[in-house]
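Here the structure is laid out as structure tokens; the discussion comes afterwards.
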Amino acid sequence: MTPRSENAAGQRRRTSRVYPPSPGLDHARAYALTHGHLSPSAGTHHDGFPLARWLVETRRKARQGQLAPITSQALTAIAPWWNPPWPSVWQRAYHQARKQHDAGQDHSPTLQRWTEQQRTRWNTLHPQQHHLLTTIGIHPFPM
């Protein structure tokens with residue numbers, strides 16, 4: 001006799017199998033400790049692990065409602081903005097600006113242009129982007 005994966009009504013049974021945590025979580029944690037965020041550029045590997053690709057796939061699963069809640073909670077604990085509603089490119093630029101702000105350094109010409117774009121496009125940004133920007137001294141142009 002073989003075990004059936006369907007009950008008498010033809011419905012699939014749910015198993016109580018517990019899957020081990022993804023190895024990506026350990027790499028994400030280590031990367032975030034070093035870099036202060038989880039917005040690596042495309043192609044980023046951490047100790048040979050394809051971290052950027054794993055994060056793209058994990059964000060896709062989260063958007064589709066297919067990510068295990070425990071994984072989402074773990075990533076949020078590592079970096080609250082691991083899956084922002086805005087592009088990752090914006091998040092990377094923000095972290096560069098924050099790093100320079102925290103170090104008391106002037107922004108590079110590229111980040112100066114980015115900062116001016118944020119001030120110009122302020123009304124198109126998410127309210128949480130406003131909050132992140134104001135915490136590092138970037139405010140909208142006066143009306």
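Which one of these is among the polar types (S, T, N, Q), touching a residue at least 12 places away in the same chain (Cβ under 8 Å) and assigned by TED's automatic domain parsing to the domain that holds Ala32: Thr120, Thr115, Thr71? Break it down stepwise before answering.
Working: Thr120 fails: assigned by TED's automatic domain parsing to the domain that holds Ala32; Thr115 fails: assigned by TED's automatic domain parsing to the domain that holds Ala32.
Result of the check over Thr120, Thr115, Thr71: Thr71.
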Return only the number of the condition from (1) in contact with a Ser or Thr (Cβ under 7 Å, 6 or more places away or on another chain); (2) at pLDDT 95 or above that Ser88 does not satisfy.
-> (2)
Quick one: is Thr120 under 23 Å from the mean Cα position of the chain (by Cα) and either crowded, with 17+ Cβ neighbours inside 10 Å or over 26 Å from Arg60 (Cα atoms) (or both)?
-> no
Take region 38-60 and flag every residue that is surrounded by 15 or more Cβ atoms within 10 Å (Cβ to Cβ) and in a helix (DSSP H, G or I).
-> Leu51, Ala52, Arg53, Trp54, Leu55, Thr58, Arg59
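The values are calculated or read from the model by the stated rules, or taken from the named source; none is laboratory data. Note that the structure is a prediction, hence the values are computed from the model and not measured. Reconstructed Cβ throughout: ideal geometry from the backbone, glycine too, with neighbour counts over all protein chains shown.
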